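*Asks:* The structure that follows is given in the form of structure tokens.
Laboratory data are not the source of any read-out in this text; all were calculated from the coordinates shown. Everything quoted here is computed from the prediction, not taken from an experiment. Note that we place each Cβ from the backbone using ideal geometry, even for glycine, and neighbour counts take in every protein chain shown.
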Amino acid sequence: MLTTTDKKNLQNLLAKAEDPDTAFSFDELLGYLFGLAMTPELIMPGEWMPIIFGGDMPEFDSMEQGQKMTGSLIAAYNKGIDDFEKNRLTFPFNIETLHEDQFAPLYEWISGFEEAIALREELWDPEEYPELSDQKKEELYHSMMTIQGLVDPMEVMEYFDDMPDEVFQEAFAGLDIEMEDREAQIQIFLLTSLPLAIETFQEHARAVEKKRQRQFAGSGGPIPIRSAKIGRNDPCLCGSGKKYKKCCGSSSEQQTIFPGDVPSRKSNVIQGNFPQHGKKK
């Protein structure tokens, strides 16, 4: 759980974005950090940080303010990784008891999560893993489709349009909704599939990491980490060659700005164009 101070600092940090319409909302940020924490590959802050703000890091009134605000961001990132490694990173919504006022935060969270997994979309592509069973590939594919369908419903409508009526009715049996409201049924189906989809992503991430560890252990070389909590005595992730505490973490508050010119948009998990932040329907 993030502290009240961390939440406030993160919200203030998001408010610093040059264009709020392209920056993440707070719930998008939480979904984004969740996705980063479980990604089985190290992603440098210089790549993932600017995306939060629409492509450019915000300007701060002072170095101290920047260190304080981004320090909370790094703390949240570190905590997500720690929770994932200890099997404590859990989907934060209860779909069965979801209240009406929780739908907007949920969809924002999903949007942020999708942004994170899109950073390394090849890691989640079933076709990249020929050793997977057909069942595992199908589970991963449907998990990807669930995320895309909730972020951009039109991208998966064709899949359901091709589904025979009897199969469609069987798939949605028990849902208390009129059959002619097909779009609403699909959204409900995707929402109820979401917790399992997140669990499938996490299981896949752990399997990919175990495979990598075995491969590198057999090579006799250094074993690269999946992701990294940023320690003060570690090499700074900005690439300066200095220790983190002597560079971007030069104050007790931790973490200033990481360099890196990256695009604010990227390819998506399943082919399709997702709406820009701030322009979602």
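*Asks:* Please work out which residue is surrounded by the fewest Cβ atoms within 10 Å (Cβ to Cβ), limiting yourself to segment 1-24 and to residues that are farther than 23 Å from PHE93 by Cβ and hydroxyl-bearing (Ser, Thr, Tyr).
*Replies:* THR5
*Asks:* Do we have any residue at all in segment 71-89 that's out of contact with any Leu (no Cβ under 9 Å at 6 or more places or on another chain) and on the phi > 0 side of the Ramachandran plot?
*Replies:* Yes - at least one qualifying residue is present in segment 71-89.
*Asks:* Which condition does LYS8 not pass, out of (1) in contact (Cβ under 8 Å) with a residue 24 or more places away in the chain; (2) over 18 Å from the mean Cα position of the chain (by Cα); (3) assigned to a helix (DSSP H, G or I), if it passes all the others?
*Replies:* (1)
*Asks:* Ok, one more. List every residue pair whose Cβ atoms sit under 6 Å apart, with the two residues 6 or more apart in sequence or on different chains, where the first one lies in segment 180-208 and is under 17 Å from PRO92 (Cβ atoms) and the second, anywhere, is of a type in the set (A, V, I, L, M) and buried (at least 18 other Cβ atoms within 10 Å of the Cβ).
*Replies:* Qualifying pairs under 6 Å: GLN202/MET38.
*Asks:* With respect to PHE93, is the statement that it is part of a loop (DSSP other than H, G, I, E, B) and under 16 Å from the mean Cα position of the chain (by Cα) true? So that I can check it myself, show each step before the final result.
*Replies:* Details: part of a loop (DSSP other than H, G, I, E, B): yes; under 16 Å from the mean Cα position of the chain (by Cα): yes.
So PHE93 passes the test.
*Asks:* What's the number of the only condition in (1) outside any helix (DSSP H, G or I); (2) under 16 Å from GLN202 (Cβ atoms) that GLY31 fails to meet?
*Replies:* (1)
*Asks:* Looking at the structure I just gave you, is ILE95 under 28 Å from PRO195 (Cβ atoms), without any contact (Cβ under 8 Å) to a residue 40 or more places away in the chain, β-branched (Val, Ile, Thr) and out of contact with any Lys or Arg (no Cβ under 7 Å at 6 or more places or on another chain)? Step through it out loud before you land on a result.
*Replies:* Details: under 28 Å from PRO195 (Cβ atoms): yes; without any contact (Cβ under 8 Å) to a residue 40 or more places away in the chain: no; β-branched (Val, Ile, Thr): yes; out of contact with any Lys or Arg (no Cβ under 7 Å at 6 or more places or on another chain): yes.
It is false that ILE95 is under 28 Å from PRO195 (Cβ atoms), without any contact (Cβ under 8 Å) to a residue 40 or more places away in the chain, β-branched (Val, Ile, Thr) and out of contact with any Lys or Arg (no Cβ under 7 Å at 6 or more places or on another chain).
*Asks:* Could you list, in sequence order, the residues of segment 39-83 that are under 19 Å from GLU209 (Cβ atoms), touching a Phe, Trp or Tyr at 6+ places or on another chain (Cβ under 9 Å) and among the hydrophobic types (A, V, I, L, M, F, W, C)?
*Replies:* MET44, TRP48 - these are the residues of segment 39-83 that are under 19 Å from GLU209 (Cβ atoms), touching a Phe, Trp or Tyr at 6+ places or on another chain (Cβ under 9 Å) and among the hydrophobic types (A, V, I, L, M, F, W, C).
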